[in-house]
Amino acid sequence: MSISKYTTSESLANNGYSTALPRWKRALDIIFCLFALPFFALCTLVVAIVMKISSPGVIFFRQERVGHNGRRFRIYKFRTMSVGADTAVHQAHFAQLMRSNVPMQKMDGRDARVIPGGWLLRASGLDELPQIINVLRGDMSVVGPRPCLPYEYDEYQPWQRERFRSAPGLTGLWQVSGKNRTTFDEMIRLDISYAKRKSLFLDIKIMLLTPPTLLIQIADIRKGRKSPQASKAPVPPAHIFNHQNHSSIVATQE
């Protein structure tokens with residue numbers, strides 16, 4: 001089966017698959033973290049120095065997310081936005097993506113809230129590296145659907161919440177199957193497909209495909225930043241999304 005193949009609408013209601021974390025998956029997570037910890041330490045040192053110069057404030061921040069079977073937990077990230085950045089812009093952007101079903105392009109190329117160099121951390125996925133801590137704690141896995149924000153979860157339809165049948169991950173089937181070129185609906189179906197057919201082979205395949213995928217993402221965002229349209233692109237109005245921000249955030253950003 002192709003790695004970009006996802007489930008059909010008729011099969012989404014079928015819940016007859018295991019939601020427990022397989023032993024092989026936990027073992028793979030631990031092995032990955034042991035190899036990644038030295039790189040994480042080095043990145044922390046470099047980010048700390050750069051942030052001290054470009055954007056004074058905390059290096060890490062914690063943010064509430066929704067994970068396996070709807071359980072809430074706090075993720076760790078490198079801060080890539082100004083301290084106290086307004087979250088209403090992202091809420092409006094998410095609502096627009098969810099309802100229009102257009103490709104899920106991030107706002108990084110034209111978002112004034114992103115600190116100098118922050119776009120590169122976000123495009124390369126290095127801002128997510130502190131989530132190694134979450135993987136070690138068992139909140140997340142290396143491979144799985146990305147954990148969403150509480151206000152996003154509240155907007156999900158019942159069938160869409162099937163994506164939470166698997167532990168959230170640093171990378172996943174959606175990320176290596178187009179990501180910014182896919183719609184919200186396609187993302188959900190890819191995540192549900194992974195939850196139903198996860199295996200050691202599929203996890204390793206996704207992990208191997210992640211680095212080249214990130215390089216493509218960096219090139220796309222860099223190209224978007226150079227485009228004249230990037231600076232002129234309208235930001236969706238905050239009134240599109242009417243819910244209050246339910247997440248408890250130490251340093252606010254998405």
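Being under 19 Å from the mean Cα position of the chain (by Cα), modelled with pLDDT of 90 or more and not in a helix (DSSP H, G or I) is a condition met by at least one residue of region 197-205.
When we screen Gly144, Gly172, Gly178 for residues that are under 24 Å from Pro212 (Cα atoms) and surrounded by fewer than 19 Cβ atoms within 10 Å (Cβ to Cβ), the only hit is Gly178. The residue that is nearest to Gln96 (Cα to Cα), among those in region 153-165 that are within 14 Å of the chain's Cα centre (by Cα) and surrounded by 20 or more Cβ atoms within 10 Å (Cβ to Cβ), is Arg163. Filtering region 122-151 to residues that are in a loop (DSSP other than H, G, I, E, B) and closer than 18 Å to Ile206 by Cβ leaves Gly125, Met140, Gly144, Pro145, Arg146, Pro147. Among the residues of region 156-182, the ones that are without any contact (Cβ under 8 Å) to a residue 40 or more places away in the chain and part of a loop (DSSP other than H, G, I, E, B) come to 4 in all.
Select from region 187-202 the residues that are out of contact with any helix residue (DSSP H, G or I) (no Cβ under 6 Å at 6 or more places or on another chain) and either more than 27 Å from Val114 (Cα to Cα) or without any contact (Cβ under 8 Å) to a residue 12 or more places away in the chain (or both) and list them in ascending order.
Within region 187-202, Arg189, Ser193, Tyr194, Lys196, Arg197, Lys198, Ser199, Phe201, Leu202 qualify.
Candidates Arg113, Arg23, Arg62, Arg79: the one that is over 20 Å from the mean Cα position of the chain (by Cα), basic (Lys, Arg) and modelled with pLDDT of 80 or more is Arg23.
What residue, of Arg99, Arg62, is assigned to a strand (DSSP E or B) and surrounded by fewer than 21 Cβ atoms within 10 Å (Cβ to Cβ)? Steps first, answer last, please.
Values: Arg99 fails: assigned to a strand (DSSP E or B).
Answer to the check: Arg62.
Pick out the one residue from Asp191, Asp185 that is farther than 22 Å from Leu121 by Cα, acidic (Asp, Glu), in a helix (DSSP H, G or I) and under 15 Å from the mean Cα position of the chain (by Cα).
Numbers: Asp185 fails: under 15 Å from the mean Cα position of the chain (by Cα).
On inspection, the qualifying residue turns out to be Asp191.
Yes/no per residue for (1) β-branched (Val, Ile, Thr); (2) modelled with pLDDT of 95 or more; (3) within 21 Å of His90 (Cβ to Cβ); (4) in contact with a helix residue (DSSP H, G or I) (Cβ under 8 Å, 6 or more places away or on another chain):
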residue: Asn134; (1), (2), (3), (4): no, yes, yes, no
residue: Gly144; (1), (2), (3), (4): no, yes, no, yes
residue: Gln157; (1), (2), (3), (4): no, no, yes, no
residue: Ser177; (1), (2), (3), (4): no, no, no, yes
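Here Trp119 fulfils each of the conditions (1) in contact with a helix residue (DSSP H, G or I) (Cβ under 9 Å, 6 or more places away or on another chain); (2) free of Cβ contacts under 8 Å to residues at least 60 places away in the same chain; (3) within 28 Å of Asp29 (Cα to Cα) apart from (2). Set side by side, the residues Lys25, Lys77, Lys52 differ, and just one is without any contact (Cβ under 8 Å) to a residue 24 or more places away in the chain and of a type outside the set (Phe, Trp, Tyr), which is Lys52.
The values are calculated or read from the model by the stated rules, or taken from the named source; none is laboratory data. Given the structure is predicted, the values throughout are model-derived calculations rather than measurements. Glycine also receives a Cβ, built like all others from the backbone with ideal geometry; neighbour counts cover every protein chain displayed.
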